[in-house]
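The values are calculated or read from the model by the stated rules, or taken from the named source; none is laboratory data. A quick note: this is a predicted structure, and the numbers were derived from the prediction, not measured. With ideal geometry, Cβ positions are generated from the backbone for all residues, glycine too; neighbour counts draw on all protein chains shown.
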Amino acid sequence: MKSKEVAKFLLRFDFMVTSVLFIAVFSMLFMLIYTPFSMAAWFDVTDERPMVVTIAFYIVAVATMIISKVGMRWAQRKICISTPIYILWLLVEVFAITWLYIGFTRVIMPETACTPQFSLRVFSCVIAILAIPYTIVALYAAYRTQREENEIIRYRESLLGSNAAPSNLINLSDENGVVKLTIDIDSLYYMESQDNYVKIYYENDGALRSYMLRSRTKSIESALANTSMLRCHRSYIINTAKINLVRNDKSNPVVVLKHPEIKPIPVSKSYYDKLITLVNASQPGEAGLEAVAEQMSVDKGTANVSANELFDEIKALIGKYFKQK
């Protein structure tokens, strides 16, 4: 029987980063409160030597957690991280930080006997320090995930009650081929790749929403073939129909989409020409001219190029061509 994977939000990059930062802050407060009541605690930021050891311990402990999270993100690409594996992984983190604390204790307090009782007490403290903030962050992440699911349900209901053309609807499936999201491409803005997940940004009821789908970016890209969606970067797929402009931002091309909450999205050089070509093809007339004008401003390093200036440029090129003939 195939093991069920742990809740997807626990493997998300933003969850891992937030958990490490929250644990670092929480543990510092915890130890500052706990130290006066313990004979074996040595955390101190007022005396020079204990302060140096305290800082060194925190750097090593945080580095250990970061390495653990990086390893977990790498492992999830290779294996299914089930709940038992996930719990075992966290226990290894606890043991590693416990032995780190014991090692630093022998440096700062060599007279302390590292008895089994002492080790057990340290182990219990480390579990508390990690478990409390980790649980808080996990509960908040679970709440956010459930909110995303509820928003998707409301979005699906609004689609059913709308007059959206069937040709505009696309189905997005997870890595197992199960359709998780049916979306009107007119409401889709962009997608961001996050390892084994793709974060989908769409508009519903005038607000920008997001949904995390476990799927490879290449699979999503294949499902979006022959649509206005185009990959513009290794990590981004954008809806070219939602482009406001393409500009040169500190020598790097970026796409600005029409929704004010969306930050500029980077464009890789390898995708730039294809992007401009598709924009011109999908946005004829004035919109297409604006895209070409913006492309010329990027290439020339100038500011805005108007439609009239664009026509003058084209006329000059045509005249030059016939003169050469």
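Can you tell me which residues in the range 73-97 are under 21 Å from the mean Cα position of the chain (by Cα) and farther than 27 Å from Leu29 by Cα?
Correct list: Arg73, Trp74, Ala75, Gln76, Arg77, Lys78, Ile79, Cys80, Ile81.
Does at least one position in the range 91-106 carry a residue that is at pLDDT below 90, among the basic types (Lys, Arg) and more than 28 Å from Glu5 (Cβ to Cβ)?
Yes, the range 91-106 contains at least one residue that is at pLDDT below 90, among the basic types (Lys, Arg) and more than 28 Å from Glu5 (Cβ to Cβ).
In the range 200-220, which residues are in a strand (DSSP E or B) and either among the aliphatic types (A, V, I, L, M) or closer than 13 Å to Glu149 by Cα (or both)?
Ile200, Ala207, Leu208, Arg209, Ser210, Tyr211, Met212, Leu213
Please work out if Ile262 is within 18 Å of the chain's Cα centre (by Cα), assigned to a strand (DSSP E or B) and either among the aliphatic types (A, V, I, L, M) or at pLDDT 80 or above (or both).
In short, no.
Among the residues of the range 162-170, are any touching a strand residue (DSSP E or B) at 6+ places or on another chain (Cβ under 7 Å), surrounded by 14 or more Cβ atoms within 10 Å (Cβ to Cβ) and closer than 28 Å to Met72 by Cβ?
No, the range 162-170 contains no residue that is touching a strand residue (DSSP E or B) at 6+ places or on another chain (Cβ under 7 Å), surrounded by 14 or more Cβ atoms within 10 Å (Cβ to Cβ) and closer than 28 Å to Met72 by Cβ.
Please name all residue pairs, on different chains or six or more residues apart, with Cβ atoms under 9 Å, provided the first residue is in the range 124-139 and is free of Cβ contacts under 8 Å to residues at least 12 places away in the same chain and the second residue is hydrophobic (A, V, I, L, M, F, W, C).
Correct list of pairs: Ala131/Leu90; Ala131/Val94.
Does the range 227-250 hold any residues that are farther than 11 Å from Leu278 by Cα and outside any strand (DSSP E or B), and which are they?
Within the range 227-250, Arg234, Ser235, Lys242, Lys250 meet the criteria.
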